[in-house]
1. Among residues belonging to the stretch 124-144 that are at pLDDT below 70 and open to solvent by 80 Å² or more (accessible area, probe 1.4 Å), point out the one that is farthest from Val213 (Cα to Cα).
2. Among the residues of the stretch 254-265, how many are more than 22 Å from Ala300 (Cα to Cα) and not in a strand (DSSP E or B)?
3. Any chance you could count how many residues in the stretch 47-69 are at pLDDT below 75, surrounded by fewer than 18 Cβ atoms within 10 Å (Cβ to Cβ) and either of a type in the set (Asp, Glu) or in contact with a Gly (Cβ under 8 Å, 6 or more places away or on another chain) (or both)?
4. Given the residues Ser225, Ser158, which is the only one that is open to solvent by 50 Å² or more (accessible area, probe 1.4 Å) and modelled with pLDDT under 90?
5. With respect to the numbered conditions (1) of a type outside the set (Ser, Thr, Tyr); (2) modelled with pLDDT of 85 or more; (3) under 20 Å from Pro137 (Cβ atoms), which one is the sole condition not fulfilled by Glu209?
6. If you scan the stretch 228-253, which residues turn out to be under 22 Å from the mean Cα position of the chain (by Cα), open to solvent by less than 50 Å² (accessible area, probe 1.4 Å) and either more than 23 Å from Ala299 (Cα to Cα) or aliphatic (A, V, I, L, M) (or both)?
7. Considering Arg100, Arg86, which residue is at pLDDT below 80, surrounded by fewer than 16 Cβ atoms within 10 Å (Cβ to Cβ), charged (D, E, K, R) and out of contact with any strand residue (DSSP E or B) (no Cβ under 9 Å at 6 or more places or on another chain)?
8. Within the stretch 254-310, restricting attention to residues that are β-branched (Val, Ile, Thr) and within 12 Å of Val233 (Cα to Cα), which residue is most open to solvent (accessible area, probe 1.4 Å)?
Amino acid sequence: MARSNFAERLRRMLMMVPWVLEAGGSTVAELAARFGVSEDDVVRDLNLVMCCGVPPYGAEHMISVMLDDDGTVLAWKGPYFNRPMRLTPTEGFAVLAAGRALLDVPGADSAALGGALSKLESALGSGSVSVDLGAPPFLSLVRDAVESGARLSVSYYSAWRDEVTSRSIDPWLVFSQEGRWYVTALDASSGEVRHFRVDRLRSAAATGETFVVPGGVRPPPRVFSGGQDTTEVELDLPPSARWVVETYPAVSVDELADGRLQVRLAVTGERWLERLLLRVGPEARVLSPPSLTHVAPTAATRLLARYTAP
């Protein structure tokens with residue numbers, strides 16, 4: 001069974017449907033560009049929305065969505081959704097907290113959502129909810145560099161390769177995803193656009209040089225999606241390691257009759273794979289490629305030697 005990121009998809013739909021309703025319609029291409037996903041993803045999301053509603057799931061309790069052959073998207077609220085909702089304080093706090101988190105979703109209409117949340121917060125009581133992702137040490141510096149177009153000299157810890165490297169970057173965009181802060185930047189050492197985790201910056205300072213941010217820079221739908229430098233690894237994991245596919249973007253997941261999982265992951269470094277296998281335990285095995293089947297036993301032997309050495 002192929003794995004999908006249901007949490008990201010749900011957040012996207014919670015922003016997409018109100019936006020289409022407010023705009024009075026849209027197109028598949030426009031929604032794909034606005035929310036940073038493929039047109040196929042938009043079609044799958046809209047097909048799922050057509051099945052959503054509230055009990056007893058009559059026509060008046062459903063959100064109606066029309067997807068035309070030419071890519072036009074129209075949506076209507078049923079009578080149930082046009083009636084003012086009465087929330088208990090507990091429900092109000094839950095909606096407010098979820099709404100604060102949605103403000104960081106790519107494509108979110110922050111002005112409209114922010115205004116609605118302010119009204120809800122006022123009804124619940126001033127200063128009722130604050131959703132804070134936590135600020136890494138260099139977040140303010142990176143944000144200022146994005147605003148001023150200042151090139152940065154940074155040292156960065158790569159978890160994939162378990163090493164710290166120095167490089168110059170042109171930070172284009174700061175965004176949050178799955179509870180972490182990232183910066184989209186042009187890496188001067190490789191000439192490639194990459195997404196760096198801000199909390200993995202070991203140092204950062206302005207070089208005195210400046211740059212111009214290109215137009216159309218948007219957060220990616222998923223930070224890590226593989227590339228030419230990645231290796232696809234097939235793993236055999238015990239049922240207790242289901243957290244792996246819930247934590248990392250898997251290429252594919254097959255569940256066997258005995259509950260074991262065969263998972264394909266794109267990895268860029270052997271050190272990261274070592275740490276993953278050690279966390280899973282001795283029941284984890286690398287099935288392919290053959291060049292990496294030694295990773296788990298080699299890492300375990302090296303680790304045990306540190307405890308037995310005099």
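The values are calculated or read from the model by the stated rules, or taken from the named source; none is laboratory data. Values in this document were obtained by computation on a predicted structure and should not be read as measured data. For neighbour counting, all protein chains shown are included, and Cβ atoms are generated from backbone atoms with ideal geometry for every residue, glycine included. Just the protein is used for accessible areas: all its heavy atoms, side chains included, with ligands, DNA and RNA removed. Shrake-Rupley method; radii C 1.70, N 1.55, O 1.52, S 1.80 Å.
1. Checking each candidate, the answer is Ser126.
2. Residues that pass the stated criteria total 4.
3. 3
4. Residue meeting the stated conditions: Ser225.
5. Every condition holds for Glu209 apart from (3).
6. Val233, Ala241, Val244, Val245, Pro249, Ala250, Ser252, Val253
7. Arg86
8. Thr293
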